[in-house]
Amino acid sequence: MQSSPHPPAFLCRRYPPNIEAALRERFELRVNDDDGILTPSDIARRASGSAVLFVSATEVVDRAVIAGLAPTLRIIATLSVGFDHIDLDAARAAGIRVLHTPEVLSDACAEIAMLLMLAACRRGFEADRMVRSGDWPGWAPTQLLGMGLVGKRLGIFGMGRIGRAIAVRARGFGLSIHYHNRSRLDPEWEAGATYHPTLDGLLLESDILMIAAPGAPSLRGAIDAGRLALLPPGAVVVNISRGDLVDDHALVDALRQGRVRAAGLDVFANEPNIHPGYRALDNVFLTPHIGSATDETREAMGWLLIHGVEALARGETPDNLLC
Ligand code: DGY
């Protein structure tokens, strides 16, 4: 990074006010004031001359953006744990360092995972609508019967930090934990969960499938029609990771037919233009990518990036450095 005490930086999205204030104290900051999502060519044009680029999961930082900004750009800092929107190979080749925000959002994401799981299993959308609409006829023995959790199997696809935070909470609901990762966790991290060496093996044993694997090109469409068919009939699907891990057409179809009983979704392919089929279904509970959206977490994410940039300026290697 430049030796200037206030290196030029560009902020692609609005951050919480105190984080923006901290950035202004440290950088000669230009801001995308209206907070609209910038295309790659917008970023290349508007951030030109920056030494530090602050992005989030909504900005695609591809090879062309990196090539356009490389003459001055030293650091890309993304306000996200996911980094599938950044071409790390291109950044590495250009000698640009990339920071992200692991750890600090695991609890918040696990909380939303619980919200989605409970709302999907207990028919949260229909229940809210019944009260809100004024159409509630009053209590009835057969009204809005859902799926209980005690004794059911939660299959966690992706048992990283967020997956493990989900497992801790899910045990409290009486669920038994199954998981699939590329490699088995140490017993300390596994905490009694059952490991499945293949994703297919996990699906066969999941009454509730929890998708918590990181977004990656190799996982795009991993939960497709064939895989959904492996779930026990009437299983529930929850996704808090990245929408493109799921084949939307296949999931909408399975939800329509009731082969998948319900879904809780916080992330979607092609956000915010989600598959229209979801909007028409009563058995889905939808949230707009709010996994990490708490005051505490957003602030912690901001500080993690600021401290990471400062550590790099001192010649240190911060824990949240991707490359
Ligand atoms: C993340 O941190 O990756 C969340 O999805 C928010 O972008």
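The values are calculated or read from the model by the stated rules, or taken from the named source; none is laboratory data. The model shown is predicted, which means the values in this text are computed figures rather than measured ones. As a convention, Cβ positions derive from the backbone with ideal geometry for all residues, glycine included, and neighbour counts pool all protein chains shown.
Tabulated values for the structure
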read-out: Filter result (closer than 25 Å to Arg220 by Cβ and touching a Lys or Arg at 6+ places or on another chain (Cβ under 7 Å)) within segment 293-323; value: Cys323
read-out: Any hit, segment 200-208, residues being touching a Ser or Thr at 6+ places or on another chain (Cβ under 7 Å) and of a type outside the set (Asp, Glu); value: no
read-out: Any hit, segment 104-125, residues being modelled with pLDDT of 95 or more, within 16 Å of the ligand (Cβ to nearest atom), out of contact with any helix residue (DSSP H, G or I) (no Cβ under 6 Å at 6 or more places or on another chain) and among the aromatic types (Phe, Trp, Tyr); value: no
read-out: Selection from segment 267-319 of residues that are of a type in the set (Val, Ile, Thr) and either within 15 Å of the ligand (Cβ to nearest atom) or within 30 Å of Ala127 (Cβ to Cβ) (or both); value: Val267, Ile274, Val284, Thr287, Ile290, Thr294, Thr297
read-out: Within segment 20-55, tally of residues that are within 16 Å of the ligand (Cβ to nearest atom) and surrounded by fewer than 19 Cβ atoms within 10 Å (Cβ to Cβ); value: 2
read-out: Test: residue in segment 73-85 that is more than 13 Å from the ligand (Cβ to nearest atom), in contact with a helix residue (DSSP H, G or I) (Cβ under 6 Å, 6 or more places away or on another chain), of a type outside the set (A, V, I, L, M, F, W, C) and assigned by TED's automatic domain parsing to the domain that holds Met301; value: no
